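Chemist: Okay, here's the structure, questions in a sec.
The values are calculated or read from the model by the stated rules, or taken from the named source; none is laboratory data. Owing to the predicted nature of the structure, the values given are computational and were not obtained by experimental measurement. When we count neighbours, we look across all protein chains shown, and the Cβ atoms used for this are built from the backbone with ideal geometry, even at glycine. Side chains included, ligands, DNA and RNA excluded: accessible areas come from the protein's heavy atoms. Shrake-Rupley method; radii C 1.70, N 1.55, O 1.52, S 1.80 Å.
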Amino acid sequence: MSTRKLSYTNPKPCNHLSAYKLKHGCNGYKSLQKSLKSAPNGRTSVRIHETKIPRCSFCNGFEGRLYVCLICSAVSCSNHAVLHTQLEIGHELAVDVERAELFCCACTDQVYDPDFDKSVMAKHMLDLPCSTNNADSIGERLCERKRLGGSGVELSEFKKPEKSCLVRDHRAKSCYPLGLRGLNNLGNTCFMNSVLQALLHAPPLRNYFLSDRHSRRTCQKRTANRLCLPCELHGVYSAVYSGDQTPYSPAEFLYSWWQHSENLASYEQQDAHEFFISVLDGIHEKETKARNHTKDSGDCQCIAHRVFSGLLRSDVTCMTCGFTSTTYDPCLDISLNLDTSHCSWSDASNKPAKANGSSSSSTLLGCLDLFTKPEKLGSDQKLYCQNCQEPRDSSKQMSIRKLPMVLCLHIKRFEHSLVRKMMRKIDSYLHFPFSLDMTPYLSSSIVRNRFGNRIFAFEGDESGMSTEFEIFAVVTHSGTLDSGHYVTYLRIQDQWYKCDNAWINEVDEGFVRASQCYMMFYVHKTLYYKANIDLRHLPVSTQKEAFQRMAGCC
């Protein structure tokens, strides 16, 4: 491990945690161990009662995140956790019931304590079955709790060495594909981990960074006070494809992203789509400066644009004379609206969708049809017609002029009502294909269909463009606007894997289809199958983690 001087300072530890440890030590952690239970997938949670569902002591609710107080064992929901600390002085520390993670109710944020992780790990290891056969979860043989501070807990510290030996053997026999590695939660960073998993397995981007096309050893953009985002992403690729399958902590990448997006620098939950665009913008900014290109270059050759950039065509037609004005705009993804005509604001805000409910479902092809459907602009949106020489009522139609190598489709699940002055999440179920043909949505197809196929010669014909795509990653969002969680499903060699922070499980495609997809990543069909072949012969990265682990966060 490198011992170079870090260019950033560790975040300050939580004062409430320090006060709790000073007064109570680890007594609360040890008392909590008897209530910890490990699920078959390796996830550890708090089981307060064997039969009763835990409920908030204030509102009697049981949905969303629940927290059990380390002092009095009172259960509070996310809405009343702060109220409990106000009524009970010194009761700031609690444990997330679902995820068995330490939470400060006063700071309303996750906190990190290696002693707490040690207690959870000890109970987790003792609950492991003696047999190592038929285990599908990496979490059953890899400890999520080998985290940021220190080197983790050695297996020899536990009372049953025979189980420890079995775990070591099971780790060595792992048959999961290279590059499938969990990412530790650094404090509400599931939004980052979910997008990183998709980027790590995007074939063109993976090949670029693993071939050292951008390396921290040769980069000239790193300074003593400012990190380089592509350099830190290269470090994540090296660590994930090193062959080590213990959960990895991308702490320095997080800090470099904070430097690039200072307005988002906090441990609060962020939007995964906003993070995705921000990361690509950071790569673009660094690489264009290295090539002395302007940021507004229409033909950018940075890796972010070469992989994700496409071109949209917008046709605005005057409804009086028929004159059409055409413009082209580059895009890094395509944002699609769900069909919400059947869903009221109260329904979409409060009721989760059923996977088999026809009344609350849409299809991806339907969303693409809606995206490319002609739209009549309102009377307050009259545009100036060059032919009529005055503002006229117009219609607008979108189409795709150029497809990227990796197609990112963003589903608009969050809406804001100007009338109601409120936000809502649309929980509608979305049917989506694993193989996608984008031919009907190309500009050539849209224009020919508009004129009844009478135009046979199309300017800039896309006949040679690859239009068949295969899905390789799906980022999902579950929960509400206030307490949501991101998870990524990866498709590797036609097998699906669920990546939930540090935990990775092999799942059936039915789990993926039943999820609330938020972002979908498709790659050219030829690249998808070539990537599966290349993955079998991909050299293991010999580079070690190029940073010291950050303490003070989880």
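Chemist: First compute the accessible area of the stretch 189-288 with a 1.4 Å probe, then give the percent of it belonging to carbon and sulfur atoms. Each step should come with its number before you reach the end.
Modeler: Details: 1330 of 2980 Å².
Of all accessible area on the stretch 189-288, carbon and sulfur atoms account for 44 percent.
Chemist: Averaged per residue, what accessible surface does the stretch 189-288 expose to a 1.4 Å probe, in Å²?
Modeler: 30 Å²
Chemist: Taking every Cα atom in the stretch 189-288, find the radius of gyration and the maximum pairwise distance Dmax, and write them in Å.
Modeler: 12.9, 35
Chemist: Students often get this wrong, so check it: of LYS52/LYS123; LYS286/LYS376; LYS286/LYS396; LYS396/LYS498; LYS376/LYS402, which have C-alpha atoms separated by over 29 Å?
Modeler: LYS286/LYS376; LYS286/LYS396; LYS396/LYS498
Chemist: Heavy atoms only, 1.4 Å probe, whole protein assembly: order SER31, SER362 by accessible area, highest first.
Modeler: On the way: SER31 75, SER362 10 Å².
Result, largest first: SER31, SER362.
Chemist: Go through the stretch 508-523 residue by residue and turn each phi into a ³J(HN,Hα) via Karplus (6.51, -1.76, 1.60, θ = phi - 60°); whole Hz please, and just put x for glycine and proline.
Modeler: Per residue, the Karplus-derived 3J(HN,Hα) values read 7, 5, x, 5, 5, 5, 8, 7, 8, 5, 10, 9, 10, 10, 10, 10 Hz.
Chemist: Another question, if that's okay. Once both labels are modelled 7 Å past Cα along the beta-carbon direction, what's the HIS24-TYR176 spacing in nm?
Modeler: Modelled inter-label distance: 3.3 nm.
Chemist: Contour minus end-to-end for GLU268 and CYS107, with contour as 0.36 nm per residue of separation and end-to-end as the Cα-Cα distance?
Modeler: Difference between extended and current length: 56.9 nm.
Chemist: How much FRET efficiency would the formula 1/(1 + (r/R0)^6) give for ASP437 and SER379, where r is the Cβ-Cβ distance and R0 is 51 Å, rounded to 0.05? Walk me through the numbers before you get to the answer.
Modeler: Values: r = 37 Å, r/R0 = 0.73.
According to the calculation, E is roughly 0.85.
Chemist: Another question, if that's okay. Provide the packing ranking of 69-79, 328-338, i.e. peptides ordered by the mean count of other C-beta atoms within 10 Å per residue, highest first.
Modeler: With the highest mean Cβ count within 10 Å placed first, the list reads 69-79, 328-338.
Chemist: Taking square-rooted eigenvalues a ≥ b ≥ c of the alpha carbon gyration tensor, is the stretch 15-126 rounded, prolate or oblate, where a/c under 1.5 means rounded and, failing that, a/b exceeding b/c means prolate? It would help to have the intermediate numbers written out before the result.
Modeler: On the way: a/c = 1.82, a/b = 1.09, b/c = 1.67.
Because a/c hits 1.5 or more and a/b fails to exceed b/c, the stretch 15-126 counts as oblate.
Chemist: So, one more: With a Förster radius of 35 Å, plug the Cβ-Cβ distance of SER57 and ASP244 into 1/(1 + (r/R0)^6) and report the FRET value to the nearest 0.05.
Modeler: That pair, SER57 with ASP244, gives E of 0.25.
Chemist: A further question on this structure: Could you look at the stretch 65-129 and say what percent of its accessible area is carbon and sulfur, using a 1.4 Å probe and all protein chains?
Modeler: That fraction is 52 percent.
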